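S.K.: Attaching a single structure in C-alpha cells format; questions to follow.
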Amino acid sequence: MMKRLRLVLTGLLLGAASFLGAVPLFGEAAAAGLRHEWSLDAGWRTAEDANPHRYDGFQRAAFDDHAWKAVDVPHNWDEYGGEHGLVHGNLHGTAWYRRGFELPAADAGRHVLLYFEGVGSYATVWVNGHLAGTHAGGRTTFTLDVTPWVRFGGPNVLAVRADHPADIQDLPWVCGGCSKIPGFSEGSQPMGIFRPVHLITASAVRVTPFGVHVWNDDDANAASAAIHVTTSVVNDESAPRRVTVDTRVIDRSGHAVAEFSSTATVPAGSVARVRQDPQPLKHVSLWSLESPYLYTLDTVISDASGVQDHVQTSFGIRTIHWPAPGGPPGQFLLNGKPVFINGTCEYEHLLGDSHAFDAAQIHARVAQIRAAGFNAVRDAHQPHNLRYGEAWARDGLLWWPQFVAQIWFDTPQFKTNFKTLLRDWVRERRNNPSVVLWGLANESRLPPDFARECVAIIRQLDPTSPSQRLVTTCNGGKGADWNVPQDWSGTYGGNPEAYAKDLVHDHLVGEYGAWRSLGLHSEGGFVPKGILSENRAAGLLEMKIRLAESVRDRVAGHFQWLFATHDNPGRLEGTQGQQYADGWDPLDRIGPANNKGLLTLWGEPTDLFYLYRGAYAPAATDPMVYIVSHTWPDRWKGPGVKNDIEVYSNCDEVELYNDVGGDSLGVRRQKGPGRHFQWDNVAVRYNVLYAVGRVGGKDVAHDAIVLHNLPPAPHLAALLGHVTDLTAAAPEQHYLYRVNCGGPDYTDVNGQRWSADRDYVHGLSWGSLSWAMDYTNVPPRFGSQRRTFDPIRGTLDGPLFQAYRYGRDKLRYRFRVPQNDGPYRVELYFTEPWYGTGGGNCTGWRLFDVALNGKTVLHDLDLWREAGHAGAVKKVFETRARDGWIEVSFPRVESYQAVISAIAISTSDPKAEAPADDPAALATERRLAAADARPAAPFRPVSKERSHPLAKAIASGGLLTWKVQFGLGGAHVFRLRYENLSGMRQVASIEVLAEDGTIVGRGRTMLAPSKQGQTPLSSIATLSMNAGAYRVRVTAPTDPNLRIIALVTR
C-alpha cells in the first residue's frame, strides 16, 4: 500500500498549504529533494479490547487482520463513550493498528523516520516485527528512527499498540472520570492514533525534530530587529562530522533579506546545538493581528561531502508586553501598541469525533472562531493539534497554549514524564509568534516548588520568557509568573455588575461564561436567580462584554468560556447550581458535558454564537443579523403588543418587519458591543419576524423566523424563494419507501405519504441505526435527531426537510428490497440547518461523504455551498441491492456531522413490493419508539463529602482558617462538625474568600447543645462557587465547652 511520494516543496508553507498534512509549520518542513515524506494516514486496520493481550503477536507480518475495522487516522476508539449519560462512561483499554508501506529502492541508505503527531495514551511501535520504540503521553509528538528494520523496494508492516487504561497516574493527561474526586482532571483522553502519522527519509546528518529555534529580542521594531537562531543537528554516523549551518531569512515574496553561517563538529551518535550570533534585520515587517506577516528561515546543513539537509521554518517578528501581575492597571502591548484581548477558550472535542480532528475539522473550527470575532484563543486545557497554532499565526490571532489541568501525582515517574512532555510541548510551539503566554496549569494542583522547576524548564527553552511570554496558572496555583483569575460572577455567586472593577484589578480574566440550557428561553435577559435559559446566559455575557469594553483602555482583556461544548467525565450534572431542574433540554443530557459552549457538543451554533458575531465580526466584510431566537417559535400564544424582541447584528442599523419587507416595526441603530438591538411595545400581528441589516444605508444582511400561534404573514411565501416540486414522483417509478428522517409521518404536497423514522430491528424491512444503539441506558436515537424551525427555501414541503438526523459513520439506514438485480432509484433530501443563519461564508464548515452499499456516491458534500442556509437539496442515484439490501451511510465525515432529511427508494418494476415486517420485530421497534419519545434520564445527582479536620486549620483565637480546593463549579455546602457541652446555643459564622481576597459568600448557624460523645453537623452556608482554591474562615465563641471538630464540605 505504497502512498504516492510527496516532496514538501519550498512554497508549501507560504500559504494555506500548511493544512495539507505536512510537518507542522513552526517545526521544520523539508525543502525540495533532501527529505522525502509520505502521509501514513490512510489504510489502517484496527481493533480494540479491554484485554491488553487479546492480540499478542499482531506485529508479525503473517498476522491475519482482515476482520479488523478499516480506518484512516486521525482515529479515536472512544467516539461516544463519554456521551451516553454516565458520570464515567469513557472507553479504556487497548487499541491495535496495522498497515503496510513501501519505500522506493532509490532511498536505500537514507535514515527512515516515523513521525507521530499523537497516540493516546501509551504507544508501542513495531516495524516488520521489530520493536522500534515507545512513547508515553498522547498530546505531544514523537519521532522514531526505524532505519534498522525497514526494507527498501519491498513491503513493510507498521504495527502500533495504543494503551489507554483507566486510572493512569504517571502522565499529566488523564481521564477526568477516573476518580471519585470531583474535578480530578478536565475532560477525557483519546484512545488510539488520534493525530496524523508521517514517514520521512533523510540523511544521517540532519536537523532534529523541532530543532530550529528562532526568536527576536524584546526591542524589535519596524526599523530593525535582532534575530537569534539555534539549530540542533544530529549525527547518526559512526564518526564525527564537521558541519556548516547556512541560514537565510526569506520574506513573503521569496527574497532573502539576511544570510549567515556557522560551523560546528557533531560527535558520532550525538546532537549538537549550533547557536548563531544575533543577526540584524532591517526594514522589518512585524507580525500583528492586522498583518500577520510570516518570514521563512531557510536552513541548510552541509559537510565535506555536500548538502545533507535542507529545512524551512516559519516565524514572525513581534514584541509583547504584559502589565505586571498584581501591579497597577495596564494594557497588553503588541509591538508597542495596545490590544484589547477578546479571547475564547477552545476545547478540541466533538461528538463522535472526540479528539481525532483532521485538517478539515480544524479549518472549520478556526473559521468559526474567526467568524465570531475573537482575536485570541486559549487552549482548554491540554495541548491541541499543531494545525491550530498554524492557523493562529497565519490568520493573526493571539494564542495562550495550555499544558495541563488540575492533575498532580506525587510520584517520581509522574514528575519525570511531566517534565519530559513539557519540554516537547515548548519546543513544538516556541517559534510561533502568536504564542503570548505559556499556560502551565489550569486550576493548578502543582506544588509551588515543582511549578517553579517547570518554569525554569520553559525559561531554558524559550529565552523570551519572562521578558515577553509569562508562565501562568489559572484560577489557582503558585510558583508561576502569574495566576490569572477566572470570573464566574453571575454563575457561581459574586456580583457581575462589578466585572469592570474586577477586570481592572486582575488585568486579565482567563474565563468568564454562563450555563445555558439548550432551547430553554425566558424574557428579561439576565435574571440573577432565574432559570438557566439561553436568554439569561446571553444577558450575562452581554453585561460582561459591555463592562469590559468600558475599561478596555485600562486592561489586557478576557477569555470567554467556552467556544464549543466538550465532554466532561466526572462532572456531576444534576447537582444544585448546574443544569437539572431548569427545563434541562434532553439534548444537553448528551454527556456529561460542559454545556457553556457557543456551539453545542455536536457543532450546532447557539444564540450566543450570534451574540458574539454581532458584537465583534467586521461588518464591512462579514455583515450579519440574527433574530433571537430561531429555537423559540412558541414564544407567544397570539398576536398583540410585544416586548423584549432582540436582534444581534454588527450592522449600522437594523429594521425589523412583521412580514417579508412589509409592516415595519421600526429601525434601531448600532450601540456597540454588548448592546443588542431591541424592540419594545410593538404590535405583532403575523407569524413572521424579518430583519434587515444595513451598512452605509445599503441592505447587506437579512434574517427571518416563523412563529407558531399567529396568523400567516401576507408575504410568507416570499421566504421560500423559487420553489421546485422536489418530492414529485419520478415518471414510471414505483416507490417502495419514503422516509421522513428524524420526523413523524408526513403527507407531501403531492399527496404522498412519508413514513415516520423508526429504529432498525432485525426482522424489519427498514430502519435507522445510530451510535446510541450501542448503549442500553439511552434511547436509540439519542444525540442524533433534531429539527429546525426555519423556513426551507426552494420547496413547499418544508416540514419534510425541517426534521433531520445527524451523525457520523454510525448513522445508517437499511432497506430490504425484493430483488438484487434492480436497478433502484435512491433519492436523498438534505438541508443545511445550522450554518449561515443571517449571513456569513460557511464554506467547509460541514463536509461529509454519502455511500450506497458501501460505495461512495457523494464526496465532501457541503450543503451551505450547494444551497446556503436552509435551502432544499435533492440528490438522485441509481444503485443495485447487495444481499437484498440497500444501505445509506456516511462513512467519512471531514467536518462536524452528516445530516439527512428524507430518503425515497423506487424501482421501475410496478409489481415490486417492500417486504413485510416480522410482527415480533415490529413490536420491539414500537417499544424502542416509546423510548425515543422519552428524554434521557438526567445524570444522577451525586455529592462528595470531604472533612477538613481542626488540625488542618490555622487558629487565631476564635478564628479558624482552612484552605480548601474545589475541582468543579456548582453549589457547595459548608457544615461544621462540633461538640457543644455548654448547655446553650452558640453562634458560628463563616466567610469564604477567593485567593485574591474577594469575599465569595458568608453564612451563620446556631450550634445547638449536644451530649457528651455526640458530634452533630450544622449547616452554615450553601454557596454557588467556581472551581478553585479558597480560604474558609469560621468564627466561633472561645468557650471551653464548645469544640469545633471539622469543617465539612459537600
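The values are calculated or read from the model by the stated rules, or taken from the named source; none is laboratory data. Just so we're clear, the structure is a prediction, and the values are computed from it rather than from any experiment. Because the Cβ atoms are built from the backbone with ideal geometry, glycine has one as well, and the counts that use them run over all protein chains shown.
S.K.: For segment 958-1007, enumerate the residues that are among the basic types (Lys, Arg) and either free of Cβ contacts under 8 Å to residues at least 60 places away in the same chain or not in a strand (DSSP E or B) (or both).
M.R.: Step one: list which residues in segment 958-1007 are among the basic types (Lys, Arg), which gives 963, 975, 977, 985, 1002, 1004.
Within segment 958-1007, 985, 1002, 1004 meet the criteria.
Conditions (1) of a type in the set (D, E, K, R); (2) at pLDDT 95 or above; (3) farther than 22 Å from residue 445 by Cβ, marked per residue:
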position: 145; (1), (2), (3): yes, yes, yes
position: 162; (1), (2), (3): no, yes, yes
position: 188; (1), (2), (3): no, no, no
position: 198; (1), (2), (3): no, yes, yes
position: 203; (1), (2), (3): no, yes, yes
position: 206; (1), (2), (3): yes, yes, yes
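S.K.: Sort out which residues of segment 255-292 are among the polar types (S, T, N, Q) and either modelled with pLDDT of 95 or more or under 30 Å from residue 145 (Cβ atoms) (or both), and write them in order of number. First the steps, then the outcome.
M.R.: Of the residues in segment 255-292, the ones among the polar types (S, T, N, Q) are 261-263, 265, 270, 276, 279, 285, 288, 291.
Matches in segment 255-292: 261, 262, 263, 265, 270, 276, 285, 288, 291.
S.K.: Can I ask one more? Filter segment 380-417 for residues that are acidic (Asp, Glu) and surrounded by fewer than 23 Cβ atoms within 10 Å (Cβ to Cβ); which is farthest from residue 173 (Cα to Cα)?
M.R.: The initial filter retains those residues of segment 380-417 that are acidic (Asp, Glu), namely 390, 395, 410.
Remaining after also requiring surrounded by fewer than 23 Cβ atoms within 10 Å (Cβ to Cβ): 395, 410.
Details: 395: 29, 410: 15 Å.
Result: 395.
S.K.: While we're here: Kindly indicate whether residue 42 is of a type outside the set (S, T, N, Q) and modelled with pLDDT under 65. Walk me through it before giving the result.
M.R.: On the way: of a type outside the set (S, T, N, Q): yes; modelled with pLDDT under 65: no.
Answer is no for this residue.
S.K.: Moving to a separate point now. Working only within segment 341-359, note down all residues that are in contact with a Phe, Trp or Tyr (Cβ under 8 Å, 6 or more places away or on another chain) and either among the hydrophobic types (A, V, I, L, M, F, W, C) or not in a loop (DSSP other than H, G, I, E, B) (or both).
M.R.: Within segment 341-359, 341, 342, 343, 344, 345, 346, 350, 351, 354, 356, 359 meet the criteria.
S.K.: Under 6 Å between Cβ atoms, at least 6 apart or on separate chains: pull out the pairs that start in segment 743-762 with a residue that is within 26 Å of residue 773 (Cβ to Cβ) and end on any residue that is basic (Lys, Arg) and outside any loop (DSSP other than H, G, I, E, B).
M.R.: If the second residue must be basic (Lys, Arg) and outside any loop (DSSP other than H, G, I, E, B), the pairs left are 754/738; 760/814.
S.K.: Can you run down the residue pairs with Cβ atoms below 8 Å, 6 or more apart or on separate chains, where the first is in segment 699-726 and without any contact (Cβ under 8 Å) to a residue 40 or more places away in the chain and the partner is polar (S, T, N, Q)?
M.R.: 712/687
S.K.: Considering only residues of segment 138-173 that are polar (S, T, N, Q) and more than 20 Å from residue 71 (Cβ to Cβ), which is surrounded by the fewest Cβ atoms within 10 Å (Cβ to Cβ)?
M.R.: We begin by selecting, within segment 138-173, every residue polar (S, T, N, Q); these are 140-141, 143, 147, 156, 169.
Adding the requirement that they be more than 20 Å from residue 71 (Cβ to Cβ) leaves 140-141, 143, 147, 169.
Working: 140: 24, 141: 24, 143: 17, 147: 17, 169: 13.
Among those residues, the one meeting the criterion is 169.
S.K.: Collect the residues in segment 515-533 that are among the hydrophobic types (A, V, I, L, M, F, W, C) and either modelled with pLDDT of 90 or more or outside any loop (DSSP other than H, G, I, E, B) (or both), keeping them in residue-number order.
M.R.: Narrowing segment 515-533 to residues among the hydrophobic types (A, V, I, L, M, F, W, C): 515, 518, 520, 526-527, 531-532.
Of everything in segment 515-533, those that are among the hydrophobic types (A, V, I, L, M, F, W, C) and either modelled with pLDDT of 90 or more or outside any loop (DSSP other than H, G, I, E, B) (or both) turn out to be 526, 527.
S.K.: I'd like the full set of residues that are of a type in the set (D, E, K, R) and closer than 30 Å to residue 835 by Cβ, limited to segment 368-427. Outline the logic, then answer.
M.R.: Let us first name the residues in segment 368-427 that are of a type in the set (D, E, K, R), namely 370, 378-379, 387, 390, 394-395, 410, 415, 419, 423-424, 427.
Listed by number, the residues that qualify are 370, 378, 379, 387, 390, 394, 395.
S.K.: Does residue 589 satisfy the criteria of being in contact with a Pro (Cβ under 7 Å, 6 or more places away or on another chain), surrounded by 24 or more Cβ atoms within 10 Å (Cβ to Cβ) and not small (Gly, Ala, Ser)?
M.R.: Numbers: in contact with a Pro (Cβ under 7 Å, 6 or more places away or on another chain): yes; surrounded by 24 or more Cβ atoms within 10 Å (Cβ to Cβ): yes; not small (Gly, Ala, Ser): yes.
Here the answer is yes, as residue 589 does meet what is asked.
S.K.: For residues that are of a type in the set (Asp, Glu), at pLDDT 95 or above and at positive phi, tally how many sit in segment 859-886.
M.R.: Taking segment 859-886 and keeping what is of a type in the set (Asp, Glu), we get 860, 862, 866, 878, 883.
The next check asks that each one be at pLDDT 95 or above; those that pass are 860, 862, 866, 878.
Applying the additional criterion that residues be at positive phi yields 860.
Total meeting the criteria: 1.
S.K.: Next up: Could you check segment 1008-1042 and list, in sequence order, the residues that are among the small types (Gly, Ala, Ser), surrounded by 13 or more Cβ atoms within 10 Å (Cβ to Cβ) and in a loop (DSSP other than H, G, I, E, B)?
M.R.: If the condition is that a residue be among the small types (Gly, Ala, Ser), surrounded by 13 or more Cβ atoms within 10 Å (Cβ to Cβ) and in a loop (DSSP other than H, G, I, E, B), then 1010, 1027, 1036 are the ones that fit.
S.K.: What number of residues within segment 953-1001 are within 29 Å of residue 185 (Cα to Cα) and loosely packed, with under 14 Cβ neighbours inside 10 Å?
M.R.: 5
S.K.: Applying the selection to segment 730-756, what residues are outside any strand (DSSP E or B) and within 24 Å of residue 806 (Cβ to Cβ)? Can you show your working first?
M.R.: Step one: list which residues in segment 730-756 are outside any strand (DSSP E or B), which gives 730-733, 741-745, 748-752.
Listed by number, the residues that qualify are 741, 742, 743, 744, 745, 748.
S.K.: I need a count of the residues in segment 292-312 that are in contact (Cβ under 8 Å) with a residue 40 or more places away in the chain and part of a loop (DSSP other than H, G, I, E, B).
M.R.: Start the filter on segment 292-312 by keeping residues that are in contact (Cβ under 8 Å) with a residue 40 or more places away in the chain, which leaves 292-304, 307-312.
When the remaining residues are screened for being part of a loop (DSSP other than H, G, I, E, B), the result is 293-294, 304.
Looking only at that region, the number is 3.
S.K.: Right, something else. I want to confirm something. Restricting to segment 702-732 and keeping residues that are of a type in the set (S, T, N, Q) and under 15 Å from residue 748 (Cβ atoms), which single residue is surrounded by the fewest Cβ atoms within 10 Å (Cβ to Cβ)? Talk me through it step by step, then tell me what you get.
M.R.: Our first condition is that a residue be of a type in the set (S, T, N, Q); within segment 702-732, this holds for 709, 724, 727.
Retained after the next criterion (residues that are under 15 Å from residue 748 (Cβ atoms)): 724, 727.
Values: 724: 12, 727: 22.
Only one residue fits best here, namely 724.
S.K.: Among the residues of segment 115-126, are any among the small types (Gly, Ala, Ser), outside any strand (DSSP E or B), closer than 23 Å to residue 414 by Cβ and outside the structural domain of residue 777 (by TED's automatic domain parsing)?
M.R.: To start, the set of residues in segment 115-126 that are among the small types (Gly, Ala, Ser) comprises 118, 120-121, 123.
Within this subset, residues satisfying the condition of being outside any strand (DSSP E or B) are 118, 121.
Narrowing the set further to residues that are closer than 23 Å to residue 414 by Cβ leaves 118, 121.
From what's left, outside the structural domain of residue 777 (by TED's automatic domain parsing): 118, 121.
Yes, there is a match, as at least one residue in segment 115-126 is among the small types (Gly, Ala, Ser), outside any strand (DSSP E or B), closer than 23 Å to residue 414 by Cβ and outside the structural domain of residue 777 (by TED's automatic domain parsing).
S.K.: Among the residues of segment 829-847, is there at least one that is part of a loop (DSSP other than H, G, I, E, B) and under 24 Å from residue 764 (Cα atoms)? Show your work before the answer.
M.R.: The first filter runs over segment 829-847 and keeps only residues part of a loop (DSSP other than H, G, I, E, B), leaving 831-846.
When the remaining residues are screened for being under 24 Å from residue 764 (Cα atoms), the result is none.
Checked against the condition, which is being part of a loop (DSSP other than H, G, I, E, B) and under 24 Å from residue 764 (Cα atoms), segment 829-847 yields no hits at all.
S.K.: Another question, if that's okay. Filter segment 943-992 down to the residues that are in contact with a Leu (Cβ under 9 Å, 6 or more places away or on another chain) and of a type in the set (Gly, Ala, Ser) and list them by number.
M.R.: Of everything in segment 943-992, those that are in contact with a Leu (Cβ under 9 Å, 6 or more places away or on another chain) and of a type in the set (Gly, Ala, Ser) turn out to be 943, 947, 953, 970, 971, 982, 988.
S.K.: Inside segment 174-291, counting only strands (runs of 3 or more DSSP E) that do not spill past its ends, which hold 1 or more residues that are among the charged types (D, E, K, R), touching a residue at least 60 places away in the same chain (Cβ under 8 Å) and surrounded by fewer than 20 Cβ atoms within 10 Å (Cβ to Cβ)?
M.R.: On the way: elements: 197-202, 205-216, 224-235, 241-250, 256-266, 270-282.
Qualifying strands (runs of 3 or more DSSP E): 241-250.
S.K.: Can you pull out the strands (runs of 3 or more DSSP E) entirely within segment 643-729 that have at least 3 residues that are of a type outside the set (Val, Ile, Thr) and in contact with a Lys or Arg (Cβ under 9 Å, 6 or more places away or on another chain)?
M.R.: Values: elements: 645-649, 653-657, 664-669, 677-679, 682-684, 688-695, 698-706.
Per the criteria, 653-657, 677-679.
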